[in-house]
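Following: one structure in structure tokens, then a few remarks.
The values are calculated or read from the model by the stated rules, or taken from the named source; none is laboratory data. What you are looking at is a predicted structure, and each value in this text was computed from that prediction instead of being measured. Every residue, glycine among them, receives a Cβ derived from its backbone with ideal geometry; neighbour counts consider all protein chains shown.
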Amino acid sequence: MRKTILFYCLCLPMLYFSQVGIGTTNPQAVLHVDGAKDNAVTGAPTAAQEANDFVVTAAGNVGIGNASPQRSLDVDAKNQSLRIRNLIRQVPSSFDILTRDLATSDVVATSYSYTEAVTVAAGASATVTVPSTVNIATGLFIVKSTNGCARAMITTFVYNGLSLGYVSGVARDKIGNPTIAPIAPSANTSGTWSVVFPNVTNCADGGTGTQFDFTVMKATTDSYTITNNGNVSKTYQLTVSRL
């Protein structure tokens, strides 16, 4: 009987406060592990003391080196790197990177690039709209295509809002020749770039020296209209990438 009473007496504080302390008799959260067992018996731990603590709050927030986590996972890295082992390695066409806000230390997923392929018949046009969630207001815009001779064309632009600037273009050994058309006063678009690649080798798919020629412009800040000025259908891979 005495053992039963003692057991309930020991459990009552835990049931009353609904907090579990490991290495500490003064838990600050639902679960509080004091790794170094250096916390004071009363009051909140100091910054030095909580540096070795692990807590889980009633809201489900987890703190590592932080006894008052404000996010689902709130880690004080102590000015060191974080280590994650054995991550799967893959490079999808569109992916995010993690960035940290210098003011709040919040870590968020940030779009690094977005790629979409579109097939355009000779003399036709197509428009690709970058999803608003990608949110790359300034960056690189890259147009890529191949032909029946297994040769590739790569043309690069820089952009900022509706401004679109040509950087370079090459179709294997042929250098792109760019021109830009004036913007109509009533138009709310970028300038229209036409790029030609003179003397490209004819291929078995019927492509002639015009096969890689194209025109591109930004119809809006998030969309690109490309026109195939060649003589055969082309599949273009359009990529926006963060600078």
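List of remarks:
- Qualifying residue in segment 221-238 (condition: at pLDDT below 95 and among the hydroxyl-bearing types (S, T, Y)): yes
- Each residue in segment 203-224 was checked for being surrounded by fewer than 16 Cβ atoms within 10 Å (Cβ to Cβ) and aromatic (F, W, Y), and 0 pass.
- Scanning segment 143-171 for residues that are in contact with a Lys or Arg (Cβ under 7 Å, 6 or more places away or on another chain), small (G, A, S) and touching a residue at least 40 places away in the same chain (Cβ under 8 Å), we see that the one that is farthest from S132 (Cα to Cα) is A171.
- Residue check: A122 meets all listed conditions (1) in contact (Cβ under 8 Å) with a residue 24 or more places away in the chain; (2) part of a strand (DSSP E or B) but one, namely (2).
The rows are residues; the columns are (1) closer than 18 Å to I175 by Cα; (2) among the small types (G, A, S); (3) outside the structural domain of G191 (by TED's automatic domain parsing).
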{"position": "T119", "(1), (2), (3)": "no, no, no"}
{"position": "T133", "(1), (2), (3)": "no, no, no"}
{"position": "I154", "(1), (2), (3)": "yes, no, no"}
{"position": "G161", "(1), (2), (3)": "no, yes, no"}
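- Total residues in segment 48-61, condition of a type outside the set (S, T, N, Q) and either buried (at least 18 other Cβ atoms within 10 Å of the Cβ) or under 18 Å from T104 (Cα atoms) (or both): 4
- Any chance I64 is touching a His at 6+ places or on another chain (Cβ under 8 Å), modelled with pLDDT of 95 or more and either surrounded by 15 or more Cβ atoms within 10 Å (Cβ to Cβ) or among the β-branched types (V, I, T) (or both): no
- Number of residues in segment 172-209 that are more than 15 Å from S145 (Cα to Cα), aliphatic (A, V, I, L, M) and free of Cβ contacts under 8 Å to residues at least 40 places away in the same chain: the value is 5.
- Checklist (1) within 19 Å of A126 (Cα to Cα); (2) exposed (fewer than 15 other Cβ atoms within 10 Å of the Cβ) applied to P185, failing item: (1)
- In this entry, S145 is excluded by the filter for residues that are small (G, A, S) and not assigned by TED's automatic domain parsing to the domain that holds N202.
- Within segment 22-32, the residues that satisfy the criterion of being within 40 Å of the chain's Cα centre (by Cα) and buried (at least 18 other Cβ atoms within 10 Å of the Cβ) are P27, Q28, A29, H32.
- The one condition from (1) at pLDDT 90 or above; (2) under 27 Å from Y112 (Cα atoms) that T201 does not meet is (2).
- Tally of residues being exposed (fewer than 14 other Cβ atoms within 10 Å of the Cβ) and under 19 Å from the mean Cα position of the chain (by Cα) across segment 126-160: 8
- Of T227, T235, all but one fail to be over 30 Å from I97 (Cα atoms) and either touching a strand residue (DSSP E or B) at 6+ places or on another chain (Cβ under 9 Å) or crowded, with 18+ Cβ neighbours inside 10 Å (or both); the exception is T227.
- Segment 192-202, subset surrounded by 18 or more Cβ atoms within 10 Å (Cβ to Cβ) and assigned to a loop (DSSP other than H, G, I, E, B), residue farthest from the chain's Cα centre (by Cα): V200
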